[in-house]
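Notes follow the structure.
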Amino acid sequence: MADVIDNSITAGATSIDVLTDTATDNPHIAILDDGAGMTEVELIAAMRPGSRNPLSTRDEPDLGRFGLGLKSASFSQCRRLTVVSRKEGHTSAAVWDLDYVASTNEWAVQLPADLSSVPHLDALGDTGTIVLWEKLDRLGGGGALEVDKQAAIINQRVALSERHLRLVFHRFMQKRGGTKLRINGRLLDPLDPFVLDNSATFSDPPETFVFSGSEVELQSYTLPHHKQMPAKQWDDVGGPEGHLKTQGIYLYRANRLIIHGTWFGLCRQSELTKLTRVRIDIPNSMDADWKIDVKKSSAQLPPIVRDRLKKVIERILDGSKRTYSKRGQKLVDENRLPIWHRVQADGEIRYRPNVDHPAFVNFANSLPAEQRRGFFNCVALVGAALPVEALQADMAGMAEKIVPAQLDEDTLSQAVRATVALLRGANKDIQEIRSLMRDVDPFRSAWDATQLIIEDTLQSEKTI
């Protein structure tokens, strides 16, 4: 679909509709646009495999290169391709039917005069084009499937294509007066991988350099922590594979996304860098330098660009690492009375409960002396039983789903009052107390309730 939509955008289309009819014995998919359209001569040329010289200079908005996209993309999904185009008040049509080619043993395009059987023809405007896929043997799963099963397969695959289209063409969809893309009448929202509508997204200044006579621009972004994004937006940007697989370089050719979710071997995908995205923009004149393939789904970094990125990759990645490490540091900062201590020694990292935390100390002091050792032994046992392997697995796949347990009111109140008493004893003012407690759990996760308990504690002090 993306290859066909490339042609629509090149033709200046502002409205593109993907229309399907799958609940029949002869299901079809149509892609209809309001672009400039083609005359019959232009249409016949477009239906010819390899219709353009790949060495020819392309206009700036041209998303094609080899003249193979329409045909190769269509025949990967169907056995019959019909293209109807309207330009200058004249409607032309051409058909590639692989069954006809097989029966005649001749590669000949058909030019039907009767278009009454072409679906969605009434939706074609004064100018525009319909690309119609029929005989969806590969897309429909192949074989003699029942209509409902075949329809379910096709509908599922069309649904899966939605996210890809929203991502690949998001820049055309985002600009003012830009392309409107619909599937069966439903308008698709652009999927911005850099989340620029979130003020918490951090971006470095763009860098531009000249290579092979053309400008290349790159810019790095660090996405907000999942705590700073709505859950729906976080899941949408991460997609079915999650943010770990969507980090890395996003390569755009003439504003069209070519490849994403890779570091091209410059570094490893990791949990600490999963918020990092690097946008690289190249013109359509650099296909040979980047080894853009026919399907526009793979590329290779030219040596000069690879060397340039190596010099800035550490700086690019630091922002994402800071986003996570900064939050982690707050949890173990001695000034913030952490529940856990982070101990690093001999190449190993251990987390241990902070037995000097006021919540533990106050409770221990309320116990008879002979029971205190047993209490601290229980605390140490909890620390030694930290489920490291389970946490590693969860952090690698769904870190945003890990949330602290909610405390009941009595437990939270005990912890808050003990902490406030200790901080007051250390001559901390109320603003500093709030600041210290707001950034660590369990108080951060229940901040509204924590504030009420703090105020109640202070009020009790005044009464006394």
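Things to note:
- Taking amide hydrogens as placed 1.01 Å from N in the peptide plane, the amide H of S212 sits under 5 Å from that of no residue at least 5 positions away in sequence or on another chain.
- Helix axis angle, 447-463 relative to the chain longest principal axis, alpha carbon, degrees: 20 degrees
- Per-residue ³J(HN,Hα) for the range 437-446, Karplus 6.51 cos²θ - 1.76 cosθ + 1.60, θ = phi - 60°, Hz, x for Gly and Pro: 7, 5, 9, 10, 7, x, 6, 4, 6, 10
- Convex hull volume per residue in cubic angstrom - Cα atoms of the range 336-463: 146 Å³
- DSSP bridge pairs, the range 202-329: antiparallel proportion in percent, nearest 5: 75 percent
- Taking the range 202-329 and dividing mean pair separation by its residue count, relative contact order in percent (alpha carbons under 8 Å, at least six apart): 26 percent
- Among the chymotrypsin sites (Phe, Trp or Tyr not before Pro) in the range 87-140, those located in a DSSP loop and surrounded by at most 15 other Cβ atoms within 10 Å of their own Cβ are W107.
- Peptides 446-454, 163-171 ordered by average Cβ neighbours within 10 Å, highest first: 163-171, 446-454
- In sequence order, calculated HN-Hα J values of the range 301-313 (Karplus, 6.51, -1.76, 1.60; Hz; x Gly/Pro): 6, x, x, 5, 6, 4, 5, 5, 5, 4, 6, 10, 5
- For the range 188-228 versus the range 229-257, the gap between their alpha-carbon centres in whole angstrom: 11 Å
- P(r) tail for the range 202-329: Cα pairs beyond 19 Å make up 49% of the total.
- Rounded to whole numbers, the Karplus 3J(HN,Hα) couplings from phi for the range 224-236 are x, 4, 4, 6, 9, 10, x, 4, 5, 5, 4, 5, 5 Hz, using 6.51 cos²θ - 1.76 cosθ + 1.60 with θ = phi - 60°, and x at Gly and Pro.
- Built amide H within the under 5 Å cut-off of D137, gap 5+: R79
- Of every Cα-Cα pair in the range 2-187, the percent that sits beyond 22 Å: 46 percent
- Value of [θ]222 nm, deg cm²/dmol, for the chain, DSSP H segments ≥ 4, -39500 (n - 2.57) each, nearest 500: -12000 deg cm²/dmol
- Straight-distance crosslink candidates among aspartates and glutamates, where the alpha carbon sits under 16 Å from K180 and sequence neighbours closer than 8 are dropped: D6, D17, D33, D34, E162, D189, D192
- Compactness of the chain, expressed as Rg and Dmax over alpha-carbon positions, Å: 30.3, 101
- Each Lys or Arg adds one and each Asp or Glu subtracts one; over the other residues with Cβ under 12 Å from the Cβ of V147, this totals -3.
- Within the straight-line cut-off of under 16 Å between alpha carbons, the aspartates and glutamates reachable from K227 are D197, D235, D236, E271, E400, D439, D441, sequence neighbours fewer than 8 places apart in one chain being disregarded.
- Amide H within-cut-off set for W340, under 5 Å, with H built and near neighbours excluded: N354
- Under 20 Å from the Cα of K311 - aspartates and glutamates, other chains or at least 8 residues apart: D204, E207, E215, E217, D281
- As a length-normalised measure over Cα pairs under 8 Å and 6 or more apart, the relative contact order of the chain settles at 11 percent.
- Mean Cβ count within 10 Å, highest first, over the residues of peptides 1-8, 76-83: 1-8, 76-83
- By average C-beta atoms within 10 angstrom, highest first, the peptides 9-17, 355-363, 210-218: 9-17, 355-363, 210-218
Where a number appears in this text, it was derived from the coordinates with a stated rule and is not lab data. Please read these numbers as outputs of a predicted model, since none were measured by experiment. Glycine also receives a Cβ, built like all others from the backbone with ideal geometry; neighbour counts cover every protein chain displayed.
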